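Read through the structure below, which is laid out as structure tokens, and then see the notes.
The values are calculated or read from the model by the stated rules, or taken from the named source; none is laboratory data. Predicted, not measured: the structure shown is a model, and the values here were computed from it. FYI the Cβ positions are ideal-geometry reconstructions off the backbone, even for glycines, and counts take in every protein chain you see.
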Amino acid sequence: MPYPADVRCDYYSAGVCRSCTWLPTAYAEQLSRKQHTCEQLIASNRWLSPVSSRESGFRNKAKLVVGGTPGDVTLGILDQDLRGIDLRNCGLYEPGLAQAIPRVADLINALRLLPYDVNKRRGELKYVHLTHSLAGKLMVRFVLRSMQQASRITYDAVVTAIPNALVVTLNLQPEHKAVLEGIEEVVLSPTDVLPIPLDHPVELSPQSFFQTNTAIAQELYRQAAAWTAVIEPTSVLDAYCGVGGFAFHVAAPGRHVVGVDVSPGQSRAGVELVAHDALELAKSTPQADLVVVNPPRRGIGKMASWLETSKVPNVIYSSCNPTSLAADLRVMASYDVTEARMFDMFPHTEHLEVMVLLSRKSNT
């Protein structure tokens, strides 16, 4: 089976992992397919050229299922029989992350942690979540069924095995279901913040959201900043702001920027991040000149209807699901898609990020 030269995967060849469903497809063809999908769903006055990714070494995070037995664990996924498949040498991870994963496996083996057996519904360690910063630091989260073996996992043990671990936590997920993390987080390290260097840096806490591909996330923020510079709004509302990536990048002197999310990042000069329901805040405050939305896959729901009846002149909508974006745009018929762009956040899969600049039609 032919592969692009720099992304051949032995796991795919052996049939043990097919997560990268488009891996045998030449990368230029992958981009073409994704661009075609977006253009078929979303009518825009102008499509900018797609933003391509590195074909390997681009993922900044790994959410690894722990399988196997104490002293001989697997880190990766589960097969059809719910047994662990080891993928510790996956080529998608950033170099610093790729180097850390075998060390994490060695640490788990040394601590004799008991992997959770889905079939038998017993065991302790379910997942390990790793996030890598391009500054070279790591966030390491151990997802446990209970605190029974928690005392074995200490901050000193982790940083001895993984010297660049900055944030170390235990997450409790006691339920027997396919949920990757629980609500309770126990921080073992002196800090619970992982800085991510960008044009305008952001800080990740253990359960905060950040895009999987740092380089493409930066291009996404730069495009939003460029569109905002043309619009020159005096006020911006960043709905579903997360750690504030869009809010910080569209901020400027004299511009009032508010980011809102159920669990936002930290405010800083010129940008206020608040914990609130995005739609309720939008309804209860003076309307912004620009609204930025970056919702989950399901789209913005009732926010689309509110925007349609509002007087907000401009919207920047970033979406990981062009189908739900297209559905929301049908509700927002008073806006033109002035410009649009596809960002390849997830090479070798059908998934993508697409962002559009919306301007209210002059007769509405």
- [ ] Tell me, please, whether a residue that is at pLDDT 95 or above, among the β-branched types (Val, Ile, Thr) and closer than 22 Å to Glu219 by Cβ can be found in the stretch 326-339.
- [x] yes
Task: Total residues in the stretch 149-182, condition surrounded by fewer than 19 Cβ atoms within 10 Å (Cβ to Cβ), within 19 Å of Pro102 (Cα to Cα) and hydroxyl-bearing (Ser, Thr, Tyr) - done: 3
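Taking the stated definitions as given, is Pro295 free of Cβ contacts under 8 Å to residues at least 60 places away in the same chain, closer than 28 Å to Trp22 by Cα and not acidic (Asp, Glu)? Spell out how you get there, then give the answer.
Working: free of Cβ contacts under 8 Å to residues at least 60 places away in the same chain: yes; closer than 28 Å to Trp22 by Cα: yes; not acidic (Asp, Glu): yes.
Yes, satisfied.
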TODO: Considering only residues that are polar (S, T, N, Q) and within 23 Å of the chain's Cα centre (by Cα), look in the stretch 33-42 and name the one that is surrounded by the fewest Cβ atoms within 10 Å (Cβ to Cβ).
DONE: Thr37
Task: Breaking point among (1) without any contact (Cβ under 8 Å) to a residue 24 or more places away in the chain; (2) surrounded by 20 or more Cβ atoms within 10 Å (Cβ to Cβ), for Gly76 - done: (1)
- [ ] Please find, among Thr228, Thr191, the residue that is over 22 Å from Arg122 (Cα atoms) and in contact with a helix residue (DSSP H, G or I) (Cβ under 6 Å, 6 or more places away or on another chain).
- [x] Thr228
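Starting from residues that are β-branched (Val, Ile, Thr) and crowded, with 22+ Cβ neighbours inside 10 Å, keep the ones in the stretch 259-293 and report whichever is farthest from Leu357 (Cα to Cα).
Among those that are β-branched (Val, Ile, Thr) and crowded, with 22+ Cβ neighbours inside 10 Å, it is Val271.
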- [ ] Name the residue, out of Val143, Val104, Val118, Val128, that is crowded, with 16+ Cβ neighbours inside 10 Å and in contact with a helix residue (DSSP H, G or I) (Cβ under 7 Å, 6 or more places away or on another chain).
- [x] Val128
Task: Those residues of the stretch 33-70 which are in a strand (DSSP E or B) and hydrophobic (A, V, I, L, M, F, W, C), in sequence order - done: Trp47, Val51, Ala62, Leu64, Val65, Val66
